[in-house]
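The values are calculated or read from the model by the stated rules, or taken from the named source; none is laboratory data. Since the model is a prediction, treat every value here as computed from it, not as a measurement. Using ideal geometry, Cβ is built from the backbone for each residue, glycine included, and neighbour counts are taken over all protein chains shown. Ligands, DNA and RNA are stripped out before the accessible areas are found, and what is left, the full protein with its side chains, is counted by its heavy atoms. Shrake-Rupley method; radii C 1.70, N 1.55, O 1.52, S 1.80 Å.
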Number of protein chains: 2
Amino acid sequence: MREPDPRRGGLSRRGLLVAGGVASAGAATALGAESLRRGTAAPPPDPPVPAAHGGRTEPFHGARQAGVGTVPQAFASFVALDLRPGAGPEAVRRLLRVLSADAADLARGTAPVGDQEPWLAEHPARLSVTFGFGPRLLGLLAPDRVPPWLRPLPAFSIDRLEERWSGGDLLLQLCADDRLALSHAQRVLLKGARSSATVRWVQDGFRHTVGAVPEGTTMRNLFGQVDGTADARPGSEEFERVVYGGADTAPWIEDGTALVVRRIRMDLDAWDEVDTPAREDAVGRRLADGAPLTGTAEHDEPDLAATSPLGFPVIAPYAHVRRARPADPVERIHRRVYNYDLPGAGGAGDAGMIFASYQADPDRQFVPIQRRLDELDMLNAWTTPVGSAVFAVPPGCAEDGFVGDVLLRA
Amino acid sequence: MREPDPRRGGLSRRGLLVAGGVASAGAATALGAESLRRGTAAPPPDPPVPAAHGGRTEPFHGARQAGVGTVPQAFASFVALDLRPGAGPEAVRRLLRVLSADAADLARGTAPVGDQEPWLAEHPARLSVTFGFGPRLLGLLAPDRVPPWLRPLPAFSIDRLEERWSGGDLLLQLCADDRLALSHAQRVLLKGARSSATVRWVQDGFRHTVGAVPEGTTMRNLFGQVDGTADARPGSEEFERVVYGGADTAPWIEDGTALVVRRIRMDLDAWDEVDTPAREDAVGRRLADGAPLTGTAEHDEPDLAATSPLGFPVIAPYAHVRRARPADPVERIHRRVYNYDLPGAGGAGDAGMIFASYQADPDRQFVPIQRRLDELDMLNAWTTPVGSAVFAVPPGCAEDGFVGDVLLRA
């Protein structure tokens, strides 16, 4: 699954082209090491962290798109585009072709044609670009393939949706372990899209940086909660069923899935007013380690029937973990969640999470859970959905294809 | 310079306190490893990056503040606060005492008293918090110590300054290698400041993530330029003179310095219209490796006298590298620059750099350079300063003191 070092070949070829044959990227890389040896750069205060992860790649091409079962990268940018008025099927195909070609280059650490800052493409750091189609785009591309769930989610009473964080014709989920690689990839892709689409919204999120905590540690959100414990492991049978369909759910297309993006504003100030026992009661898990209140370790199954000596349920009727549990086994989703934190002047800060979930059928898998949480979930006291969008995620493509091409052949 | 592992002691003590004695942070950490062993977390696609850097620390206490000569961390947040109306000297001292205590705890990976999400403080990832005093705050604390340069910079013709990115009574420069650690530290510090100060502006920036490129590699900005080649190496004689004063410049106080923060908007779209030779002509350096047009490697001295066979200067009269060169040896600064990138809907994106520079005397060191660049610098065609602020950076403090206490004793 590992590409050969992307800094050979592509980039140094490019470096030679752009710099008129004077210097190669190899020389630039050697320079960094050289300046360390010569002592012209500051000496590191600790043993250096190996420069391991900038060259890591996630393959863009394949039967399925990257960025779904991919181990979550440290940074994500969810970019929703709207087609320009008058864009027709041909414009859509051209857009997808351009974006697929650029995304494939960027993912392997090669600067796409027309990339004016090719050096910023040199370290992809597991960059993945995942395409999601909104109803309008899919309707233009393959009108008879639009799944019934591809429309705004039903209204929930807790929603305070803002137009500026909702909807969209085309979603690009960009993820990478390096913030600069992400920024550059976003810019290149937006340039490629410009003639046929405009930016509707962009949501930037983060988790722990690579190497800050052991790989495989479940992330924490800004409430301090261990977040994502119950998620199915990519590659597992359960993950396959949840994301790509199984006996009881069918995906809209083979190797396709669906993406729900919700922007959840979190009132950190109000949350801070609540003491730890009350917070743990609201969640149904211990904050320190994410263990259910009926267990001792993060991955213990919550015992929803357990009662206290006084006869009260240990996990309260309104606890998030109870309300989020599937009533029917089909009600499972695969979450890929990121934090956002945008402090502003005069207390006008905005923080929360970009809740992204993958599932074969949002109507059957996501909506029932959200309905239950809408009816009753103690966490609603401190959280507000302010954005919402649903996208159909097509299969991946071959090296000579583009994302969505399979819809034209079918 | 290395603290003992901060996750022992402080945090697990705290974990015990907060979680009511049920679990310790040690257990939480072990859990991550445990879930990997059990295969309940996704298998890493490549050899795992060692979880080395989350526990790294930069000492908060000392004769000088951290975050000046510190090897630049991957992320920075520059937070400018304004004192609430009516705040007097006692309120200022209390504010500085609270912030110093919290910053010291956070830097060593210990959750400060009142931190409601102590687990987010567990991995400081070289967190540093650097205090800068604006004229009003320093005037309240030590009116006879206000240096003459502590006022807005002179107006430059290229400036298009916006109030929302300029000025401030107290600057906190937060830096860390983990974005989540930074977010948490910012939140804790702002909570501590809330009773006596309000947020004036926040500027978030990034460089390459730790480990994405070899340590010691000079950063690139969003124009793709190698940025910071000419900076003095912390610890060097030159660095000492530039930042903390020497024979020809005196700092406002021993072990003190000055911080200039300028927000420079960069027109990436217009820059992309320019071809590589024209860009290199504008900068005076090659884009591929940062070498001056008269040299072959990044750290070669530019030869400003060199001419082409036709008699024209190789480095143009308007080239940035020529205009930024000191006319007088005192005109040197120490830069600590971060990129920002805030794409917005409908092309309303905002990208550029947070230009932060340290120098003993901004009037003598920074202003002459900026004046020269204001008069003539080809890069002005694509860059616009939109924010500007100057702060007096006091010495560090001892474990029982607070930043600024030395001013009360002097």
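A few points about this structure:
- Some residue of segment A:126-141 being surrounded by fewer than 22 Cβ atoms within 10 Å (Cβ to Cβ) and of a type in the set (A, V, I, L, M): yes
- Residue identified as within 8 Å of chain B (Cβ to nearest Cβ) and either in contact with a Leu (Cβ under 8 Å, 6 or more places away or on another chain) or within 24 Å of A:S100 (Cα to Cα) (or both) among A:W201, A:W252: A:W201
- Here A:D272 meets each of (1) touching a residue at least 60 places away in the same chain (Cβ under 8 Å); (2) under 29 Å from B:R187 (Cβ atoms) with one exception, condition (1).
- Considering (1) away from every other protein chain (no Cβ under 14 Å); (2) over 27 Å from A:W271 (Cβ atoms); (3) outside any helix (DSSP H, G or I), the lone condition that B:V68 does not fulfil carries the number (1).
- Verdict on B:V261 being surrounded by 23 or more Cβ atoms within 10 Å (Cβ to Cβ), out of contact with any Gly (no Cβ under 9 Å at 6 or more places or on another chain) and away from chain A (no Cβ under 13 Å): no
- The set of residues in segment A:64-106 being out of contact with any strand residue (DSSP E or B) (no Cβ under 9 Å at 6 or more places or on another chain) and closer than 30 Å to A:P214 by Cα consists of A:V71, A:D105.
- When segment B:214-247 is limited to residues that are at pLDDT below 85 and in contact with an Asp or Glu (Cβ under 9 Å, 6 or more places away or on another chain), the one that is nearest to B:V68 (Cα to Cα) turns out to be B:A232.
- Among the residues listed as A:V406, A:V393, the single one being open to solvent by less than 20 Å² (accessible area, probe 1.4 Å) and of a type in the set (V, I, T): A:V393
- Taking segment B:167-179 as the range and being away from chain A (no Cβ under 12 Å) and under 16 Å from the mean Cα position of the chain (by Cα) as the test, the residues that pass are B:L170, B:L171, B:Q173, B:C175.
- Selection status of B:S128, in contact with a Phe, Trp or Tyr (Cβ under 7 Å, 6 or more places away or on another chain) and either hydroxyl-bearing (S, T, Y) or outside the structural domain of B:D204 (by TED's automatic domain parsing) (or both): no
- Filtered residues of segment B:364-380 (kept if farther than 27 Å from B:R241 by Cα and surrounded by 18 or more Cβ atoms within 10 Å (Cβ to Cβ)): B:M378, B:L379, B:N380
- Verdict on A:S157 being under 17 Å from the mean Cα position of the chain (by Cα) and modelled with pLDDT of 95 or more: no
- Taken together, the residues in segment B:106-118 that are assigned to a helix (DSSP H, G or I) and either more than 14 Å from chain A (Cβ to nearest Cβ) or of a type in the set (S, T, N, Q) (or both) amount to 1.
- Residue satisfying all of: in segment A:275-295; hydrophobic (A, V, I, L, M, F, W, C) and without any contact (Cβ under 8 Å) to a residue 12 or more places away in the chain; nearest to A:V367 (Cα to Cα) among these: A:A291
- Count of segment B:294-309 residues which are open to solvent by 50 Å² or more (accessible area, probe 1.4 Å) and within 14 Å of chain A (Cβ to nearest Cβ): 4
- Segment A:79-93, residues that are outside any loop (DSSP other than H, G, I, E, B) and within 15 Å of A:F133 (Cβ to Cβ): A:V79, A:A80, A:L81, A:D82, A:L83, A:P89, A:A91, A:V92, A:R93
- Selected residue [in a loop (DSSP other than H, G, I, E, B) and out of contact with any Lys or Arg (no Cβ under 9 Å at 6 or more places or on another chain)] from A:A270, A:A250: A:A250
- Filtered residues of segment A:203-246 (kept if small (G, A, S), touching a residue at least 12 places away in the same chain (Cβ under 8 Å) and either closer than 18 Å to B:R179 by Cβ or outside the structural domain of A:V283 (by TED's automatic domain parsing) (or both)): A:G205, A:G211, A:G224, A:G228
- In segment B:321-339, the residues that are under 21 Å from B:N221 (Cα atoms) and open to solvent by less than 50 Å² (accessible area, probe 1.4 Å): B:V321, B:R323, B:A324, B:I333, B:H334, B:R336, B:V337, B:Y338, B:N339
- Number of the condition not met by B:T217 [criteria: (1) touching a Pro at 6+ places or on another chain (Cβ under 9 Å); (2) part of a loop (DSSP other than H, G, I, E, B)]: (1)
- Test: A:S128 is over 14 Å from the mean Cα position of the chain (by Cα), farther than 15 Å from A:V92 by Cα and hydroxyl-bearing (S, T, Y): no
Residues checked against (1) surrounded by 21 or more Cβ atoms within 10 Å (Cβ to Cβ); (2) more than 12 Å from chain B (Cβ to nearest Cβ); (3) out of contact with any Lys or Arg (no Cβ under 6 Å at 6 or more places or on another chain):
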site: A:W165; (1), (2), (3): yes, no, no
site: A:A181; (1), (2), (3): yes, no, yes
site: A:R194; (1), (2), (3): no, no, yes
site: A:V213; (1), (2), (3): yes, no, yes
site: A:R220; (1), (2), (3): yes, no, yes
site: A:R241; (1), (2), (3): no, yes, yes
site: A:Y244; (1), (2), (3): yes, yes, yes
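- For B:P309, the test of being over 24 Å from B:S166 (Cβ atoms) and either out of contact with any helix residue (DSSP H, G or I) (no Cβ under 9 Å at 6 or more places or on another chain) or among the hydrophobic types (A, V, I, L, M, F, W, C) (or both) is passed.
- Total residues in segment A:252-290, condition out of contact with any His (no Cβ under 7 Å at 6 or more places or on another chain), at pLDDT below 95 and among the aliphatic types (A, V, I, L, M): 6
- Considering B:A121, B:A80, B:A103, the condition of being closer than 18 Å to B:R179 by Cα, within 14 Å of another protein chain (Cβ to nearest Cβ), crowded, with 24+ Cβ neighbours inside 10 Å and not hydroxyl-bearing (S, T, Y) is satisfied by B:A121 alone.
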